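Asker: Below is a structure I'd like to ask you about.
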Amino acid sequence: MRKLLVIPVVAWCLVAGAVTQAEVWQALHEWTMEEELRFAAWVSEYVDENFFLNHRIPVDCADVPYGLRWIYARIRRLPAAATGKYGSFVGHWSSDWDHIPSYSRWDRDPRFRHSLLAVLAMTTTESIPNDTYPIQVIPAYVTPGSVFLTTEAHTGVIGRIVSDGSTIHPLQTWESSLPVKRQKLKMRDFLMHSPNAANQSGLLKFRWLDRVNGQWRYIDRQAQPAYSEEQYGPDFYQETLVYADAVAKRIDSREHDPGEKAGRVIDLIIKMLDERVPIVLSGYGYCSKKPCPEGSDMWEAYSTPLRDRKIRLLFWYLDTIIEENGLGPKPFLARMKATRFDIGNKKAVDLFHIYKNREWLSYDPDDPIPMRWGLMKCEMIRLRLATLADAITFVGGTYTEEDPAYARRIITQYEKEIERLRKEQKSAQCQPVVESLRRACPSLVRTMKPDLTADRHGRGPS
């Protein structure tokens, strides 16, 4: 994923001609908490869904936090830096683009644009922990422009804070996704699983910089005024076991009706599924005639991995709201059964079916429409078993001699997943394919009951 670089140009640098200054821009001011609040106000006022589209800046998810930070730093002539995927460290002081003219307006400055696109290309979500620090979760520090990083390597920024209970979560985020392209930002509710201190996920802010002996470097994380690791500790979950809810209670302490919140979660799920219908239909129309391999432009256009993961996360959150607040599930289940989606070919599924089969939705545009909507659970299990078997073969052949402990750990994880899928097979009365399993892990196949294996002639399930 690509990220950005900010390049503020000084006032004396010429308005209509090339600048001889070696830096991308000169940092005339320092970051302070007051400046962070100005940054938050700028994000609230000037950033909308068309921000990067209007400025012709291609982005994916990690570009959003870097891009906004760098652009604001360029405007305000503040220090800015970024760490590349191979350890490179660049910033406003970099002279790599000294040969390119610079002008006063950031959005018409060719030197700034070249450096910005270069930083977008060199940084990824893996760069975020190097350039940020975890913060105390209080309204003074969790402000627009603050960064979030999930354990699944997705990132974005806080865009708005809504405290009237009209949204699922008080934190509203600006997010983007692959592929890298000129695209609108998406405003979403803040929703993520518990963060991990090891990879420094969670709610973050960008680190400030200081110049020491002529060299720019980051200030130590612990020296930042908003620094805290509270969100990684058990005390953070005193009132709820759900990270997003624990955050919400610290940002907006007022009580809001849990039944209304559950209803808004269902509203959002329905909206995302309504948007998914034409994506799946268009994908099948194109990819059934010409395959759309993973990584191709058409795969990126018609696959739905991030959307499906978000839908599963919302269903989990819905279950949590109902369980934690002692809500009766009947009215919510009734609404699910009454909500139907026309998926094409005169077929329809209801929301309850998707709720029960959310794990078995296929995101692959090459798959048939029934499989995209969880109507081919047994086939999905078979494909996953085959994939796991191939993965065990690969890990065993590649790492057993080189790093046997690692190979055993990974293979054990795969074997546990295989056991779980076998139980699902049995529960759904599927006939499994085991030939690939027999090759990769014969010990598992030997434990299968006779009615769960292929016949003596090697035929798999029909």
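The values are calculated or read from the model by the stated rules, or taken from the named source; none is laboratory data. Because the structure is a prediction, the values reported are computed rather than measured. Heads up, the Cβs are rebuilt from the backbone with ideal geometry, glycines too, and the neighbour counts pull from every protein chain shown.
Asker: Filter the range 78-101 for residues that are surrounded by fewer than 18 Cβ atoms within 10 Å (Cβ to Cβ) and more than 18 Å from Val180 (Cβ to Cβ) and give the result.
Answerer: Selection gives Tyr86, Gly87, Ser88, Phe89, Ser95, Asp96, Asp98, His99, Ile100, Pro101.
Asker: For the range 367-380, does any single residue satisfy the condition of being surrounded by fewer than 17 Cβ atoms within 10 Å (Cβ to Cβ), closer than 26 Å to Gly263 by Cα and of a type outside the set (Asp, Glu)?
Answerer: There is no residue in the range 367-380 that is surrounded by fewer than 17 Cβ atoms within 10 Å (Cβ to Cβ), closer than 26 Å to Gly263 by Cα and of a type outside the set (Asp, Glu).
Asker: Turning to a different aspect of this structure: Being at pLDDT 90 or above and surrounded by fewer than 17 Cβ atoms within 10 Å (Cβ to Cβ) is the filter here; which residues of the range 425-451 pass it?
Answerer: Lys426, Ser427, Ala428, Gln429, listed by residue number.
Asker: Quick test of your reading of the structure: Arg382 fulfils all but one of (1) in the same structural domain as Cys430 (by TED's automatic domain parsing); (2) more than 27 Å from Lys290 (Cβ to Cβ). Name the failing condition by number.
Answerer: So the condition that Arg382 fails would be (2).
Asker: What residue, among those in the range 102-113 that are under 22 Å from Gly145 (Cβ atoms) and in contact with a helix residue (DSSP H, G or I) (Cβ under 6 Å, 6 or more places away or on another chain), is surrounded by the most Cβ atoms within 10 Å (Cβ to Cβ)?
Answerer: First, pick out the residues of the range 102-113 that are under 22 Å from Gly145 (Cβ atoms): 105-107, 109, 112-113.
Add one more test, that the residue is in contact with a helix residue (DSSP H, G or I) (Cβ under 6 Å, 6 or more places away or on another chain), and what stays is 106, 112.
Details: Trp106: 21, Phe112: 27.
Of everything passing the filter in the range 102-113, Phe112 is surrounded by the most Cβ atoms within 10 Å (Cβ to Cβ).
Listed here are the residues, each with its yes/no results for (1) at pLDDT 95 or above; (2) in contact with a strand residue (DSSP E or B) (Cβ under 9 Å, 6 or more places away or on another chain); (3) not in a helix (DSSP H, G or I).
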residue: Trp25; (1), (2), (3): yes, no, yes
residue: His29; (1), (2), (3): yes, no, yes
residue: Ala40; (1), (2), (3): yes, yes, no
residue: Val43; (1), (2), (3): yes, yes, no
residue: Phe52; (1), (2), (3): yes, yes, no
residue: Ile57; (1), (2), (3): yes, no, yes
residue: Cys61; (1), (2), (3): no, yes, yes
residue: Arg69; (1), (2), (3): yes, yes, no
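Asker: Could you identify the single residue in Leu375, Leu388 that is part of a loop (DSSP other than H, G, I, E, B) and within 27 Å of the chain's Cα centre (by Cα)?
Answerer: From the options Leu375, Leu388, the qualifying one is Leu375.
Asker: Applying the selection to the range 223-240, what residues are assigned to a loop (DSSP other than H, G, I, E, B) and either surrounded by fewer than 12 Cβ atoms within 10 Å (Cβ to Cβ) or assigned by TED's automatic domain parsing to the domain that holds Phe315 (or both)? Before you say what the answer is, go through the steps one by one.
Answerer: Step one: of the range 223-240, the residues assigned to a loop (DSSP other than H, G, I, E, B) are 224-226, 228-229, 233, 238-240.
Across the range 223-240, the qualifying residues are Gly233, Gln238, Glu239.
Asker: Which of the residues that make up the range 194-222 are assigned to a loop (DSSP other than H, G, I, E, B), among the small types (Gly, Ala, Ser) and under 19 Å from Val157 (Cβ atoms)? Break it down stepwise before answering.
Answerer: As a first pass, look at the range 194-222 and keep what is assigned to a loop (DSSP other than H, G, I, E, B): 194-201, 207-208, 213-214, 219-220.
Going one step further and asking which of them are among the small types (Gly, Ala, Ser), we end up with 194, 197-198, 201, 214.
If the condition is that a residue be assigned to a loop (DSSP other than H, G, I, E, B), among the small types (Gly, Ala, Ser) and under 19 Å from Val157 (Cβ atoms), then Ser201 is the only one that fits.
Asker: Exactly one condition in (1) at pLDDT 95 or above; (2) of a type outside the set (D, E, K, R); (3) outside the structural domain of Pro129 (by TED's automatic domain parsing) is not met by Val6; state its number.
Answerer: Of everything listed in (1) at pLDDT 95 or above; (2) of a type outside the set (D, E, K, R); (3) outside the structural domain of Pro129 (by TED's automatic domain parsing), Val6 misses just condition (1).
Asker: A follow-up question, please. Write out, first by first residue and then by second, each pair whose Cβ atoms fall under 6 Å of each other, whose residues are 6+ apart or on separate chains, and whose first residue, in the range 334-347, is in contact (Cβ under 8 Å) with a residue 40 or more places away in the chain while the second is surrounded by 17 or more Cβ atoms within 10 Å (Cβ to Cβ) and among the aromatic types (Phe, Trp, Tyr).
Answerer: That search, which allows pairs on different chains as well, returns Met336/Phe352; Met336/Tyr355; Ile343/Trp373.
Asker: With the structure loaded, tell me whether Asp297 is closer than 21 Å to Asp364 by Cβ, surrounded by fewer than 14 Cβ atoms within 10 Å (Cβ to Cβ) and touching a Pro at 6+ places or on another chain (Cβ under 9 Å) or whether it fails that test. Steps first, answer last, please.
Answerer: Working: closer than 21 Å to Asp364 by Cβ: yes; surrounded by fewer than 14 Cβ atoms within 10 Å (Cβ to Cβ): yes; touching a Pro at 6+ places or on another chain (Cβ under 9 Å): yes.
Against the criterion (closer than 21 Å to Asp364 by Cβ, surrounded by fewer than 14 Cβ atoms within 10 Å (Cβ to Cβ) and touching a Pro at 6+ places or on another chain (Cβ under 9 Å)), Asp297 qualifies.
Asker: Conditions: (1) out of contact with any helix residue (DSSP H, G or I) (no Cβ under 6 Å at 6 or more places or on another chain); (2) buried (at least 19 other Cβ atoms within 10 Å of the Cβ); (3) at pLDDT below 95. Leu273 meets all but one. Number of the miss?
Answerer: (3)
Asker: Kindly indicate whether any position in the range 255-265 is under 21 Å from the mean Cα position of the chain (by Cα) and assigned to a helix (DSSP H, G or I).
Answerer: Yes, the conditions are met somewhere in the range 255-265.
Asker: Which of the numbered conditions does Ile251 fail, given that it passes all the others? Conditions: (1) touching a residue at least 24 places away in the same chain (Cβ under 8 Å); (2) touching a Lys or Arg at 6+ places or on another chain (Cβ under 7 Å); (3) among the hydrophobic types (A, V, I, L, M, F, W, C).
Answerer: Unmet condition: (2).
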